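S.K.: The following block contains the structure, expressed as structure tokens.
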Amino acid sequence: TNEPPKGVKANINRTFYDLSEEQYESCSKPDAWKKLLFGLAFFHAVIQERRKFGPLGWNIRYEFNNSDIECSMMTLKMFLEEQQVIPWQALSYVIGEINYGGRVTDDLDRRCLLSILGQYVLPDVLEDNYKFSVSGQYYAPEAGPLEGVREYIKQLPMSEEPEVFGLHENANIAFQLAEAKILMDRVLSMQPRVGDGGGAKSPDEVVLEMAVEIAENLPDILDRESANPETFALNEMGMMTSLAVVLSQELERFVKLQKRMKNSLLELQKAIKGLVVMSGELELMYQSLLNNQVPEMWSKVGYPCLKPLATWILDFHLRITFFGEWLQRANMECYWVPGFFFPQGFLTGVLQTFARKYSIPIDTLNFSFDVLTETTSEEISMGPDDGVFVNGLFVDNARWNAKGHYLDESVVGVMQSPMPIVHFVPMSKPLENLFRPERQDEYQTPLYKTSVRAGILSTTGQSTNFVICVLLPIRSDTNPDFWVQQGVALLCMLDT
């Protein structure tokens, strides 16, 4: 296996050192061939190097390799030789959708791939003054001898800034934080588990105290019987409302989690005291509590969450409080979508409510979005006539400009920022085209449950981590491709 070189410069360098003089001079359209060849090599380097930025680069880490660029070079040469006029659309389709896109399983990653390719396979690349980055350091050199191209590559910076990838400078901070986390996790895994004899508590004492404290503070199990009579009331057709069905399903999941937590905490206490055998599952739970991590036996029946144990417990209590209020009030003015196990089901319930109210087929409905000035649920005194108000979302790698009412670039050092309340409004309209949006003043912002963004590919063809694309207005001097390449998304929760 040939590992790709690290860095854009090293990657392009290998491509052109693997290229023979004969291959380089073999096309009957030398100027177009040499310019597009360099653009293709740069594209290949960029999509490989984006992987180091984690979810900001790609939702899923794809193993692009030499066979992709070799196949694309053959395709490029074939189109140039066989066509009098360069077929730009066909070239983009074969390279983006087939040669490279064949590896891409996530639609939003494919959108990003095609957006990046659009910078390197276009008529402008044939002009000498066309630049690949804002800084102007990177461009396709004049169509000359192969040695000249190699000399140009040698003078490129050894390390590249995030702007080469279309990313914000915060992407470097995200990369460094991820590297630091990996290092700290490894150090933590090697930490000795015995007391130092200096009067400090032993691991058994620490874990026992934590187990007792968490168990004592567990909220009461959500009880459907204590609900407001209107919460699960039946209509004239003998059916519950769509949102009541969603609530009942969420309650089942939370009750299962609550029982698992309560039982496992009691068993762990007994095991530490020597009253029962410490099973493999309890041993893993013991280590998790000691490391401030969520036990795996809770995660298996829990919701996706990357928080450490301390903040996970706080978040869990907030979720129980929210659903307890919903039980008592029957309807909420504002819904905390991040609190759901399955937010996709809730949004389908909202569409179904609208469809039943106006007798409209649900498969013709989609959401439109309106960002309010209010930022917290306490500021909302009454729910909307149609749709729902949603609070608790965050913008990842960007921020909401409340004054201008548009999506704006992040402040340096601020990775995520809170989003105001968003009105999800059901409307009879077709789903927006993800790859060729009609409007250039809005960005289809993907909403994910966690910052990992990747999930299991479900039967819908979407990742289980993906919830919906929220259409947001963008700054007037930008276009959707700018935000696609920045990796901007909405999140239901933060990692801390």
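S.K.: Would you mind working out the magnitude of the charge dipole of the chain relative to its Cα centre, with +1 at each Lys and Arg C-beta and -1 at each Asp and Glu C-beta, to the nearest 20 Debye?
M.R.: 860 debye
S.K.: Oh, and also: Please state the Cα pair-distance histogram of region 211-333 with 5 angstrom bins from zero: what percent is in each bin?
M.R.: Taking all Cα pairs of region 211-333, the binned fractions are 2, 10, 19, 20, 15, 12, 9, 6, 4, 2, 1, 0 percent.
S.K.: OK, next. Which of the listed residues, VAL212, THR241, ILE272, is farthest toward the dipole's positive end in region 171-280, when Lys, Arg count +1 and Asp, Glu count -1 at the beta-carbon?
M.R.: So the residue furthest toward the plus end is ILE272.
S.K.: Using the heavy atoms of the protein chains alone and a 1.4 angstrom probe, what is the accessible area of region 210-341 per residue in square angstrom?
M.R.: 50 Å²
S.K.: Still on this structure: When the accessible area of region 100-201 is computed with all protein chains present and a 1.4 Å probe, what percentage of it is carbon and sulfur?
M.R.: 55 percent
S.K.: Using helices alone, I'd like the mean residue ellipticity at 222 nm for the chain: each DSSP H run of four-plus residues gives -39500 (n - 2.57), total over residue count, nearest 500.
M.R.: -13000 deg cm²/dmol, from helical runs alone.
S.K.: Contour minus end-to-end for SER428 and ASP363, with contour as 0.36 nm per residue of separation and end-to-end as the Cα-Cα distance?
M.R.: Gain in length upon complete extension: 22.5 nm.
S.K.: Residues of region 373-476: accessible area per residue at 1.4 Å, in Å²?
M.R.: That works out to 50 Å² per residue.
S.K.: Mind computing the radius of gyration and Dmax over the alpha-carbon atoms of region 123-164? Å is fine for both.
M.R.: 11.0, 30
S.K.: Past 28 Å, Cα to Cα: identify those pairs from LYS9/LYS29; LYS9/LYS35; LYS201/LYS307; LYS181/LYS273; LYS201/LYS256, in the order given.
M.R.: Checking Cα-Cα distances, LYS181/LYS273; LYS201/LYS256 exceed 28 Å.
S.K.: Straight-line reach from LYS6: which aspartates and glutamates have a Cα under 13 Å away, not including same-chain ones fewer than 8 places off?
M.R.: Correct list for LYS6: GLU49, GLU160.
S.K.: Any aspartates and glutamates with Cα under 18 Å of the LYS429 Cα? List them, leaving off those in the same chain fewer than 8 positions away.
M.R.: ASP363, ASP370, ASP386, GLU438, GLU442
S.K.: From the alpha carbon gyration tensor of the chain, can you work out the equivalent ellipsoid semi-axes (sqrt of 5 times each eigenvalue) and give them in Å, largest to smallest?
M.R.: With the √(5λ) rule applied to the chain, the semi-axes are 48, 32, 19 Å.
S.K.: Give me the one-decimal Kirkwood hydrodynamic radius in Å for region 128-286, with the sum taken over alpha-carbon pairs. Don't skip to the end; give the middle numbers.
M.R.: Details: mean 1/r = 0.0431 Å⁻¹.
Evaluated over region 128-286, this radius sits at 23.2 Å.
S.K.: At q = 0.12, 0.16, 0.21 Å⁻¹, what log₁₀ I(q)/I(0) does a Debye calculation on the Cα points of region 1-139 give, no solvent, two decimals?
M.R.: Here log10 of I(q) over I(0) equals -0.46, -0.84, -1.49.
S.K.: If you project the alpha carbons of region 321-364 onto the principal axes, what extent comes out on each, in Å, largest first?
M.R.: 34, 20, 13
S.K.: Here is a further query. When the accessible area of region 255-371 is split by element with a 1.4 Å probe, what percent falls to carbon and sulfur? Walk me through the numbers before you get to the answer.
M.R.: On the way: 3010 of 5360 Å².
Carbon and sulfur atoms account for 56 percent of the accessible area of region 255-371.
The values are calculated or read from the model by the stated rules, or taken from the named source; none is laboratory data. The structure presented is a predicted model; accordingly, all values stated were derived computationally and were not measured. All Cβ positions, glycine included, derive from the backbone under ideal geometry; neighbour counts span all protein chains shown. For accessibility, only protein heavy atoms count, side chains too; no ligands or nucleic acids. Shrake-Rupley method; radii C 1.70, N 1.55, O 1.52, S 1.80 Å.
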